[in-house]
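The values are calculated or read from the model by the stated rules, or taken from the named source; none is laboratory data. In this text, all values refer to a predicted model and were calculated from it rather than measured experimentally. Neighbour counts are summed over all protein chains in view; Cβ atoms, including those assigned to glycine, are modelled from backbone coordinates with ideal geometry. Surface areas here come from the heavy atoms of the whole protein model, side chains and all, with no ligands, DNA or RNA. Shrake-Rupley method; radii C 1.70, N 1.55, O 1.52, S 1.80 Å.
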Amino acid sequence: MAAPCRRMAARSLFHFLSFSRTAGGNSGFRQFSSTSVHRATLQTKSVTEKASSPWTLMAAVCLQRLPVISADCGPIERKFRDMMLQLELEKSLLSDHELRLLEDAERMSRKQADDYDSDEEDERGDQEIVLAQDLEDSWEQKLKSFQPALRVTADADKDLTSLERCLADSLLLVAEQQVGGEKLWLLPQTQWQEGETLRQTAERALASLPAAGFKATFLGNAPCGVYKYKLPKAARTESSVGTKVFFFKAILSDSGPPAAPNAPFLWVKKNELQRYLKPAYVMKVDRFILDL
């Protein structure tokens, strides 16, 4: 009688342990490791810091108009150009036109000789002979009537709102924007909004310029520079300490309609930025602007 009772007790204990393991698996409880708990804590902390960041985020676009014509050669460049032209002249072969000039000169010398035989020229028939020298004279007349466009236009160079100024230089777009209680000349910028990337904010800053209509090609999704400044102590609060401006590079692809004379933006060269921008702002911007 003892043996059956022992088997019954062992079987009941086995079923109890099996039921406990199954119930534990289906109840949805799982063990948390210290690593996962630490990671969740950091994520919660970062979200809290992001929501309560005292910095205002903004994005600005560094829009650049590339040179339209080639720049003037410097003294060393002119010397090198003349040297290369001289080497090419000395080592080059005669062109077809130069060979034709020699043939015409030889033909004229044969005609002027005492033993000239006109039968040698009969194979040409009645075809009119146009000398290479006659072609050169006609080309010279066309060259004299050609008027090249001016490289420098005084009126356009003085108009800072025109894209036709300083065609041999690279130009940058600066806009007059309201910052606090004053108007400042800055690279076009606007405040970041929840749900958009910083590049989208920079694109919106360019599109928000009044009566501009510029189309640009942005060079990547990462900012090329950042400028951080704090508000005056009297204007600081716990929720607003200062502003961080992230800059994005872009190349002008379409200028749109001509700008009005009183447009709130200017096209300036790199060495003209200090006339309009604050010194601290220029120091940050000058690091990533290439004077192409």
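Among the residues making up region 217-235, those that are out of contact with any strand residue (DSSP E or B) (no Cβ under 6 Å at 6 or more places or on another chain) and open to solvent by less than 90 Å² (accessible area, probe 1.4 Å) are GLY220, ALA222, PRO232, ALA235.
Kindly check whether there is at least one residue in region 112-132 that is at pLDDT 85 or above and surrounded by 12 or more Cβ atoms within 10 Å (Cβ to Cβ). So far as region 112-132 goes, no, none of its residues is at pLDDT 85 or above and surrounded by 12 or more Cβ atoms within 10 Å (Cβ to Cβ).
Among all residues of region 236-247, there is at least one that is free of Cβ contacts under 8 Å to residues at least 40 places away in the same chain and not in a strand (DSSP E or B). All of (1) modelled with pLDDT under 90; (2) of a type in the set (Ser, Thr, Tyr); (3) in contact with a Leu (Cβ under 6 Å, 6 or more places away or on another chain) hold for SER170 with one exception: (1).
Whenever a residue of region 262-285 is more than 14 Å from GLN64 (Cα to Cα), its partners that are of a type in the set (Gly, Ala, Ser) and crowded, with 19+ Cβ neighbours inside 10 Å, lying with C-beta atoms within less than 7 angstrom and at least six residues away or across chains, give the pairs PRO264/ALA175. ILE251 fulfils the conditions (1) surrounded by fewer than 17 Cβ atoms within 10 Å (Cβ to Cβ); (2) within 24 Å of TRP55 (Cα to Cα); (3) not aromatic (Phe, Trp, Tyr) except for a single criterion, (2).
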